[in-house]
Number of protein chains: 2
Amino acid sequence: MEQLLQSIKIAINEKIFLKDPESSALGKRIVEHSILLIDEIGFESFTFKKLGDRIESNESSIYRYFENKHKLLVYLTSWYWGWLEYQLVFTTNSISNKTEKLAKAIEIVSRTVEEDNAYSHVNEVLLNKIVINESSKSFLTKEVDQENKSGYFVIYKRMVNRLEQMIKEVSPDYRYSSSLASTILESSLHQHFLMDHFPTLTNCNKKHTPGKFLADLVFKTLNKTYNG
Amino acid sequence: MEQLLQSIKIAINEKIFLKDPESSALGKRIVEHSILLIDEIGFESFTFKKLGDRIESNESSIYRYFENKHKLLVYLTSWYWGWLEYQLVFTTNSISNKTEKLAKAIEIVSRTVEEDNAYSHVNEVLLNKIVINESSKSFLTKEVDQENKSGYFVIYKRMVNRLEQMIKEVSPDYRYSSSLASTILESSLHQHFLMDHFPTLTNCNKKHTPGKFLADLVFKTLNKTYNG
DNA sequence: TAAAGATAAAAGTAATACTATTATATTTGT
DNA sequence: ACAAATATAATAGTATTACTTTTATCTTTA
């Protein structure tokens, strides 16, 4: 699988960037070090000036790739969802049992991310942390409707739709398939956040993972017994 | 109830403000108009200078009440959860049937807020919109652990705990009571957000409210039939 | 009615979030 | 191999933000 992924490029809506960061060494350094720096100091404190210093390049050169730091965050989260979507599709594709397929999907989208060496300039473990801590800020803005129209969030929406379809395959009569699908993704991120910062607000831990909580929730809701 | 509430003050952790905004006319104007202005232009664009212009007061006077706009947001969301907690406790207190009590609680925390004239300087309808659109930003920061230690989020945590207790009353053996409780609150806000901006990612609408989705989810998960 | 406390006005500072210009590399097409 | 095209770096500049400080004035209240 790693060999296979090596040649796959995550396709991101071109409106999100001014110049494709995958198209040059500088672009890749921008992506690589923005992940490290945002993880380190948080999105609020992150600036293109600091990133420029870090990669020994100039602030203005970064502006040639991304209009502002908000678009960079949209890019990074899109990349993450695209990467996760690939794993989801690849892993569940061959599973014919519908219940088992949905169970696997829940596991994939909610598990703690482990190193993936397929993309040398992206640290997926840190990117997952960024998605947990910062990604809400990419859509909780006054510009969300306009950016949604421009297709900034297509990959995320496709992820929700894939989960929704799997839910429908398991329980065609369930009324809230898309709400449940969006709740799986959102709650997964939230439970991971609570594990790190508000442990009294969650029962999840290394043993009882967010994935197990969500599998239990989903299959009871869909009236299917499943012993994952 | 309105008469009763009139005399109740929502108690907010004193570390969140420099001077209690409830203690003066200017303080109340700050709260009142910050809600209107944040709703209007969003938290990112909101500044104390703009608020000062709006209330015909000075930027530096606002700084006497709140250290920065982040603390003001923490204050507003705390106020909201305190207000909602009061409604929750008041409304569910007299219900002896445990299932019915939990059902009512879910309804209270997930319903669309309607006007409440008890607090003249707070527009609860707009504050609810702010909580949906901006409140995540109050804890998705690098300072969250330190602020949590200082008690900035106690009211929210108490809300989750109240829901958790109600869940335990209904199903003592359910393993994920606090995860489910935190999911109810988080998912409720998220489903309202999706209704407004990503209608394809939710089945919720005026008829099939987030409250109905969540009640269905919770009672199936807890193996209780309830026809709300 | 004097003193204390609150608010307003003005000015200043460092940093942010950019834009514009020009110079210097680097790549590529012939 | 070399000119042209393109990318990057360096520098400077602007408007705004997020404050702090100082001083003046206004309002309570003891």
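To keep it simple, each residue is scored yes or no on (1) crowded, with 21+ Cβ neighbours inside 10 Å; (2) more than 26 Å from A:Lys206 (Cα to Cα).
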site: A:Asn93; (1), (2): no, yes
site: A:Lys98; (1), (2): no, yes
site: A:Val109; (1), (2): yes, no
site: A:Leu126; (1), (2): no, no
site: A:Ser138; (1), (2): yes, yes
site: A:Val154; (1), (2): no, yes
site: A:Val160; (1), (2): yes, no
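Among the residues of the range B:34-46, those identified as farther than 18 Å from B:Ile16 by Cα and touching a residue at least 12 places away in the same chain (Cβ under 8 Å) are B:Leu36, B:Leu37, B:Ile38, B:Asp39, B:Gly42, B:Phe46. Take the range B:219-228 and flag every residue that is within 9 Å of chain A (Cβ to nearest Cβ) and either of a type in the set (D, E, K, R) or not in a loop (DSSP other than H, G, I, E, B) (or both). Across the range B:219-228, the qualifying residues are B:Lys220, B:Thr221.
Restricting attention to the range B:192-212 and to residues that are without any contact (Cβ under 8 Å) to a residue 24 or more places away in the chain and surrounded by 20 or more Cβ atoms within 10 Å (Cβ to Cβ), the residue that is farthest from the other protein chains (Cβ to nearest Cβ) turns out to be B:Met195. Taking B:Glu115 as the residue in question, decide whether it is within 13 Å of DNA strand D (Cβ to nearest atom), under 28 Å from B:Glu186 (Cβ atoms), surrounded by fewer than 21 Cβ atoms within 10 Å (Cβ to Cβ) and modelled with pLDDT under 95. Judged against the criteria, B:Glu115 is not a match. Would you check if there is a residue in the range B:121-129 being within 14 Å of another protein chain (Cβ to nearest Cβ) and in contact (Cβ under 8 Å) with a residue 12 or more places away in the chain? So far as the range B:121-129 goes, yes, one or more of its residues are within 14 Å of another protein chain (Cβ to nearest Cβ) and in contact (Cβ under 8 Å) with a residue 12 or more places away in the chain. So, A:Ser138, is that one within 16 Å of DNA strand C (Cβ to nearest atom), modelled with pLDDT of 95 or more and within 14 Å of chain B (Cβ to nearest Cβ) or not? Yes.
When the criteria are applied in full, B:Asn97 fails the requirement of being out of contact with any His (no Cβ under 7 Å at 6 or more places or on another chain), away from every other protein chain (no Cβ under 14 Å), within 16 Å of DNA strand C (Cβ to nearest atom) and not small (Gly, Ala, Ser). Figure legend. Inter-residue proximity from the range A:80-109: first residues among the basic types (Lys, Arg), second residues surrounded by fewer than 15 Cβ atoms within 10 Å (Cβ to Cβ) and assigned to a helix (DSSP H, G or I), beta-carbon distance below 7 Å, spacing 6+ or different chains. Indicated pairs: A:Lys98/A:Glu169. Taking the criterion of being within 20 Å of B:Ala215 (Cα to Cα), outside any helix (DSSP H, G or I) and at pLDDT 95 or above, would at least one residue in the range B:97-107 satisfy it? Scanning the range B:97-107, I find at least one residue that is within 20 Å of B:Ala215 (Cα to Cα), outside any helix (DSSP H, G or I) and at pLDDT 95 or above, so the answer is yes. Pairs meeting the criteria (first residue in the range B:135-158 and among the small types (Gly, Ala, Ser), second residue part of a loop (DSSP other than H, G, I, E, B), beta carbons under 6 Å, at least 6 apart or on different chains) are B:Gly151/B:Asn13. Considering the conditions (1) surrounded by 22 or more Cβ atoms within 10 Å (Cβ to Cβ); (2) closer than 22 Å to B:Tyr86 by Cβ; (3) small (Gly, Ala, Ser), B:Ser179 is excluded by exactly one of them, (2). Would you check if there is a residue in the range A:21-43 being β-branched (Val, Ile, Thr), surrounded by fewer than 19 Cβ atoms within 10 Å (Cβ to Cβ) and within 16 Å of DNA strand C (Cβ to nearest atom)? Within the range A:21-43, one or more residues are β-branched (Val, Ile, Thr), surrounded by fewer than 19 Cβ atoms within 10 Å (Cβ to Cβ) and within 16 Å of DNA strand C (Cβ to nearest atom). For residues in the range A:161-176 being of a type in the set (A, V, I, L, M) and under 21 Å from B:Val218 (Cβ atoms), which is farthest from the chain's Cα centre (by Cα)? Result: A:Val170. The number of residues in the range A:26-70 being in a helix (DSSP H, G or I) and either within 16 Å of DNA strand D (Cβ to nearest atom) or within 14 Å of another protein chain (Cβ to nearest Cβ) (or both) comes to 27.
The numbered conditions (1) farther than 30 Å from B:Asp145 by Cβ; (2) within 7 Å of chain B (Cβ to nearest Cβ) are all true for A:Lys168 except (2). Pull up the range A:48-83, narrow it to residues that are more than 9 Å from DNA strand C (Cβ to nearest atom) and more than 19 Å from A:Glu22 (Cβ to Cβ), then point me to the one that is surrounded by the fewest Cβ atoms within 10 Å (Cβ to Cβ). Among residues in the range A:48-83 that are more than 9 Å from DNA strand C (Cβ to nearest atom) and more than 19 Å from A:Glu22 (Cβ to Cβ), the one surrounded by the fewest Cβ atoms within 10 Å (Cβ to Cβ) is A:Glu56. Residues in the range B:175-191 that are facing another protein chain (nearest Cβ under 9 Å) and either in contact with a Phe, Trp or Tyr (Cβ under 6 Å, 6 or more places away or on another chain) or hydroxyl-bearing (Ser, Thr, Tyr) (or both): B:Tyr176, B:Ser177, B:Ser178, B:Ser179, B:Ser182, B:Thr183, B:Ser187. Among the residues making up the range B:5-22, those that are assigned to a helix (DSSP H, G or I) and at pLDDT below 90 are B:Leu5, B:Gln6.
The values are calculated or read from the model by the stated rules, or taken from the named source; none is laboratory data. All values derive from a computational prediction rather than experimental measurement. Here the Cβ is made from the backbone with ideal geometry for all residues, glycine too, and neighbour counts use every protein chain on show.
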